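Enquirer: Quick one: the structure is below, questions incoming.
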Amino acid sequence: MKRRKLDVKQLPAKAAGELDDRFQLASPLRKVLTKVFPDHWSFLLGEIALFSFIVLLLTGTFLALFFDPSMTEVHYEGAYAPLRGIEMSKAYESSLNLSFDVRGGLILRQMHHWAALLFMAAIVVHMGRTFFTGAFRKPRETNWLIGVLLFWLGFAEGFIGYSLPDDALSGTGLRIAGGIAESIPLVGSWVSFALFGGEFPGDSVIPMFYILHVFLLPGLLLALIGVHVGLVFIQKHTQWPGPKRTEHNVIGYRMFPNYVSKQGGFFMLVFAVIALMAGLFQINPIWMFGPYRAEVVSAGSQPDFYVMFLDGIVRLFPAWEIRAFGFTVPAVFWPGIVGMGLFTMLPLMYPFLERRFTKDKAHHNLLQRPRDVPARAGVGAMALAFFIICTLSGANDIIADKFNISLNAMTWGGRIGLLVVPPLAYLMTYRICLGLQQHDREVLAHGVETGIIKRDADGRFYEVHQPLAQPDEHGHTSLEYNGWTVPKKMNRLGALAPTLKGFFKPIEQPAPKPEADGEDGEVGDGEKREEITAGK
Amino acid sequence: MSTEVPAGEGKKDEQAEPLDVLDPNVTRFELVKEALRRDGVEILHYEPRFPVPGTKEEKRVVRTISFFFVLSGLAALGFIVAYIWWPWEYEFGGADTWSKWYTPVLGALLGIALGGIGIGILTWSKKLLPVEELMQERHDGASDPVERRLTGATLVHIGDETGVARRPMLKRALLFGAAPLGLAALMPIGGLIKDPGDALFTTGFNPKFNGGNPVRLMREDGTLIRPEEISVGGQITVFPAIPGGATLKHADSPTLLIHLREPDAEEARNNAYEMNKGSQWENLIAYSKICTHVGCPASLYEQQTNRLLCPCHQSQFHITNNATPIFGPATRALPQLPISVDEEGYLYATSDYKVAIGPAFWERERK
């Protein structure tokens, strides 16, 4: 029998054929390949969170190989001399070993921590983008809800994660969490005892947190992220208004090759930034804190940034304890439990609250510029102001120390600021939005400011405007605002030549200079000049 | 053989003739365009980045991208070499050790390796892939009304087939069966529940931890304390002198022992609450170190103003006035430990704290 020659070039086609015979892939595969994605830099913020999460899974798996979540007391005998002979939990010992006795352990630990910070930061910024542009409106409310849950899951996962090393700083955080849990009316002490397996600190909280941190919460995060991204895919991404863009189409480029290559490159860049930060910037140096002891604390104990708003509001809330009928509702219950409940519920409810006020039940695929919805932009600014003041107050002792301000003044400043600044932020944002709207209309009606000042025969000065369309006899153009950027500078209209490309020498040669007019010896580019008549 | 191609849905048709997909003379790009058309994608703009292949600029872009890929490979090799051969074992105190550069070197090389690939791919995507702008129809919103009606009817029919609505007894019985079962599934969580008992009301200074005898004060290293060992104006952290008294087993017990100056001690004695009367021993006074806000150690003692500051949330307590809070979020005074000196001259607690120490909780006044 003649042996058939193997044609390597035909292999992919043959394999594809075999697969299609079995799974009927041709049509669904093509739909994925040619799916159109809209493009805007702000759509990449969520990707940063997604990519950080992948880095978290990778580095976390490495850490789990070496971490021992046990609260058994041991004597430290590792490489870090200052702590040798000191009693500590196995969890802290194995975290120290990860930093000093495992080859490459420190950089992976720091990558894990930096990736967690980047994950939460990207979530916050991505949430802001979604909020201010109205991307959460129908039909995307579900994804907004999932996004809010992802923030809180990330919050819990992060807090639990940095509690695991069982160092003095994280133990202090746990003590505070225990104190907040105890403040719940009726069941507080029971909740705290369930959490710690007895009176604080007990010996079961680290193992319990470990299984939450490496299994339950990442599983939930992974599932919800899957649904989140899947819904974006199925519902198709929102897009900014612009030429030809409507509620019923998507304008952009195909998933393959453009979108996927950009995403792949961007993932590598995010990964690279995390690696650089992990190598060059120290984060959470647990060996400097020592093991947790109930009587030890240091000034400047701050949680990670995404927990700081909780710590800040706990610092600011006044000492209002309620005692009645022999029962106590501690003051910290209000910021610590009720406050966090509100911070969860209000964002969850926002899309529905807004719909109630605007009575807008339509289907939206086009984004809104923040200026076009001043009330929403104002509410967002208000929430941000609240969040920022709380977060800064979480570091008010550091600020007081570095800027030589009285600590008590910082606390009072935070308390008053929390009441005064958010409404001010609302009003100012509202006014700024209206101003921006007005300026857009002005440019549409009168044209772009050219920066050319003319003087009339009667001595009057005025600035020449470049109209965006043929003006009527009053010099006005009646252009409709279409929800997208109005050009406000002459170079946006192509009035200036683009810069030449090239690093050492230009790739494109500049256009040859025309001969000087010569006759009148005028210096200049020699172009014919005409009187500007437009925009008078 | 020819396939019938449905005309585009209401779109302007560029080709009146439907494309014969199986015709061997059809070019590949025509097939791609046909695929896009069938998937509801319209090409608004499409052009190769370099219409004339092999121009100077194209070569330059290719060189740039190659440079980043090669750079990445070199950095990755460097990473591997550094990981294996760079001295990594930690040496304490060495100012000029190689090992302290281990992590920065790994980070920099890994960052360059990943970043090189990233920049290379992005440049490829932005500078070499064709410029394209396509428009795809969304087809979102509700399903077709016919589909909705058919599915709705099917669902209602299935519901009817179970007959729950017609048989109310079944409904109630099922509810009765399912609700307790759901609760039963929650029961294993009960393994976590522990009765707090009186644990929050007792500390290591309780005589029950010492065979019913009063508990002495000790330092962290276990040595007992004589009053004369603390200088005037000084303060130390003390623990119950019982086995494990200075460990986390008795995390509620750390106590601040302060030797007040004579006038301050007098002031503290005069200010003492009824409960705290006689708790001082001469000029020595002992307060729980666990903040009554959320339980951090309130450990910053300001000798001049007799204030105690909790560094976590900045509550401030007035030492010479029962340690009442005078600023910050804490509501209650730090509990005072009644102390005295036994016949051997050591300090001891005459009883446990008289109120629950640490953060407040619902039933804290019920004991």
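Enquirer: Right, B:ALA241: among the aliphatic types (A, V, I, L, M), on the phi < 0 side of the Ramachandran plot and not assigned by TED's automatic domain parsing to the domain that holds B:GLU282 or not?
Expert: So B:ALA241 fails the test.
Enquirer: Of A:LEU444, A:LEU392, which residue is closer than 27 Å to A:PHE309 by Cα, among the aliphatic types (A, V, I, L, M) and either in a helix (DSSP H, G or I) or in contact with an Asp or Glu (Cβ under 6 Å, 6 or more places away or on another chain) (or both)?
Expert: Answer to the check: A:LEU392.
Enquirer: What's the number of the condition B:GLY159 fails, among (1) assigned to a helix (DSSP H, G or I); (2) open to solvent by less than 50 Å² (accessible area, probe 1.4 Å); (3) within 14 Å of chain A (Cβ to nearest Cβ); (4) farther than 30 Å from B:PHE29 by Cα?
Expert: Unmet condition: (3).
Enquirer: While we're here: Output yes when any residue across the range A:446-469 is within 20 Å of A:GLY380 (Cβ to Cβ), open to solvent by 40 Å² or more (accessible area, probe 1.4 Å) and without any contact (Cβ under 8 Å) to a residue 60 or more places away in the chain, and no when none is.
Expert: no
Enquirer: Looking at B:ALA356, B:ALA330, B:ALA323, which is the one that is touching a Lys or Arg at 6+ places or on another chain (Cβ under 8 Å) and open to solvent by less than 10 Å² (accessible area, probe 1.4 Å)?
Expert: Going through B:ALA356, B:ALA330, B:ALA323 in turn, the sole match is B:ALA356.
Enquirer: Right, something else. Which one of B:ALA246, B:ALA165, B:ALA251, B:ALA199 is of a type in the set (Gly, Ala, Ser), open to solvent by 50 Å² or more (accessible area, probe 1.4 Å), on the phi < 0 side of the Ramachandran plot and without any contact (Cβ under 8 Å) to a residue 60 or more places away in the chain?
Expert: B:ALA165
Enquirer: Regarding A:ILE206, is this residue over 30 Å from A:TYR92 (Cα atoms), of a type in the set (A, V, I, L, M, F, W, C), more than 7 Å from chain B (Cβ to nearest Cβ) and buried (at least 18 other Cβ atoms within 10 Å of the Cβ)?
Expert: No; evaluated as a whole, the condition is false for this residue.
Enquirer: Take the residues of the range B:85-110 that are at the interface with chain A (Cβ under 9 Å from one of its Cβ atoms) and of a type in the set (A, V, I, L, M, F, W, C): which is surrounded by the fewest Cβ atoms within 10 Å (Cβ to Cβ)?
Expert: That would be B:PHE92.
Enquirer: When the residues of the range A:254-297 are narrowed to those that are polar (S, T, N, Q) and at the interface with chain B (Cβ under 7 Å from one of its Cβ atoms), which ends up nearest to B:SER299 (Cα to Cα)?
Expert: A:SER261
Enquirer: Look through B:ALA113, B:ALA153, B:ALA185 and report the one residue that is among the aliphatic types (A, V, I, L, M), open to solvent by less than 70 Å² (accessible area, probe 1.4 Å) and away from chain A (no Cβ under 14 Å).
Expert: So the residue among B:ALA113, B:ALA153, B:ALA185 that is among the aliphatic types (A, V, I, L, M), open to solvent by less than 70 Å² (accessible area, probe 1.4 Å) and away from chain A (no Cβ under 14 Å) is B:ALA153.
Enquirer: For B:GLY78, state whether it is in the same structural domain as B:LYS127 (by TED's automatic domain parsing) and either crowded, with 18+ Cβ neighbours inside 10 Å or touching a residue at least 24 places away in the same chain (Cβ under 8 Å) (or both).
Expert: Yes; evaluated as a whole, the condition is true for this residue.
Enquirer: Let me ask another. Quick check: anything in the range B:318-334 farther than 23 Å from A:PHE327 by Cβ, among the hydrophobic types (A, V, I, L, M, F, W, C) and facing chain A (nearest Cβ under 8 Å)?
Expert: The answer is yes, given that some residue of the range B:318-334 is farther than 23 Å from A:PHE327 by Cβ, among the hydrophobic types (A, V, I, L, M, F, W, C) and facing chain A (nearest Cβ under 8 Å).
Enquirer: Only residues that are farther than 27 Å from B:ASN306 by Cβ, part of a loop (DSSP other than H, G, I, E, B) and either in contact (Cβ under 8 Å) with a residue 40 or more places away in the chain or open to solvent by less than 40 Å² (accessible area, probe 1.4 Å) (or both): list them for the range B:202-221, please.
Expert: B:THR202, B:ASN206, B:PRO214
Enquirer: Return the residues of the range B:128-150 that are surrounded by 11 or more Cβ atoms within 10 Å (Cβ to Cβ), over 20 Å from A:THR34 (Cα atoms) and within 14 Å of another protein chain (Cβ to nearest Cβ); say none if nothing qualifies.
Expert: B:GLY141 - this is the single residue of the range B:128-150 that is surrounded by 11 or more Cβ atoms within 10 Å (Cβ to Cβ), over 20 Å from A:THR34 (Cα atoms) and within 14 Å of another protein chain (Cβ to nearest Cβ).
Enquirer: Something else about it: Only one of these is over 20 Å from B:ASP39 (Cα atoms) and among the charged types (D, E, K, R): A:LYS262, A:LYS244. Name it.
Expert: A:LYS262
Enquirer: Among the residues of the range A:242-274, which ones are β-branched (Val, Ile, Thr), within 24 Å of the chain's Cα centre (by Cα) and open to solvent by 30 Å² or more (accessible area, probe 1.4 Å)?
Expert: Once the filter is applied, which keeps residues that are β-branched (Val, Ile, Thr), within 24 Å of the chain's Cα centre (by Cα) and open to solvent by 30 Å² or more (accessible area, probe 1.4 Å), the range A:242-274 yields A:VAL260, A:VAL273.
Enquirer: Which helices (runs of 4 or more DSSP H) does the range A:82-198 wholly contain that include 2 or more residues that are among the β-branched types (Val, Ile, Thr)?
Expert: Fully inside the range A:82-198 and qualifying: A:105-132, A:141-163, A:168-182.
Enquirer: Can you find a residue in the range B:284-301 that is surrounded by fewer than 23 Cβ atoms within 10 Å (Cβ to Cβ), over 40 Å from the mean Cα position of the chain (by Cα) and of a type outside the set (Val, Ile, Thr)?
Expert: Within the range B:284-301, one or more residues are surrounded by fewer than 23 Cβ atoms within 10 Å (Cβ to Cβ), over 40 Å from the mean Cα position of the chain (by Cα) and of a type outside the set (Val, Ile, Thr).
Enquirer: Starting from residues that are farther than 25 Å from A:ILE146 by Cα and open to solvent by 30 Å² or more (accessible area, probe 1.4 Å), keep the ones in the range A:302-317 and report whichever is farthest from the other protein chains (Cβ to nearest Cβ).
Expert: Only one residue fits best here, namely A:GLN302.
Enquirer: All but one of (1) open to solvent by 50 Å² or more (accessible area, probe 1.4 Å); (2) within 14 Å of another protein chain (Cβ to nearest Cβ) hold for B:TYR273; state the number of the condition that does not hold.
Expert: (2)
Enquirer: Is there a residue being without any contact (Cβ under 8 Å) to a residue 40 or more places away in the chain, of a type in the set (Phe, Trp, Tyr), within 21 Å of A:GLU295 (Cα to Cα) and assigned to a strand (DSSP E or B) anywhere in the range B:284-297?
Expert: There is no residue in the range B:284-297 that is without any contact (Cβ under 8 Å) to a residue 40 or more places away in the chain, of a type in the set (Phe, Trp, Tyr), within 21 Å of A:GLU295 (Cα to Cα) and assigned to a strand (DSSP E or B).
Enquirer: Quick one: in the range A:323-344, which of the residues that are among the β-branched types (Val, Ile, Thr) and not in a helix (DSSP H, G or I) is most open to solvent (accessible area, probe 1.4 Å)?
Expert: A:VAL329
Enquirer: Tell me which helices (runs of 4 or more DSSP H) are completely within the range A:1-76 and hold 1 or more residues being under 33 Å from the mean Cα position of the chain (by Cα) and not basic (Lys, Arg), or say none if there are none.
Expert: Per the criteria, A:26-33, A:45-66.
The values are calculated or read from the model by the stated rules, or taken from the named source; none is laboratory data. The model shown is predicted, which means the values in this text are computed figures rather than measured ones. Here Cβ is always computed from backbone atoms with ideal geometry, including for glycine, and neighbour counts include all displayed protein chains. Side chains are part of the model used for accessible areas, which takes the heavy atoms of the whole protein and leaves out ligands, DNA and RNA. Shrake-Rupley method; radii C 1.70, N 1.55, O 1.52, S 1.80 Å.
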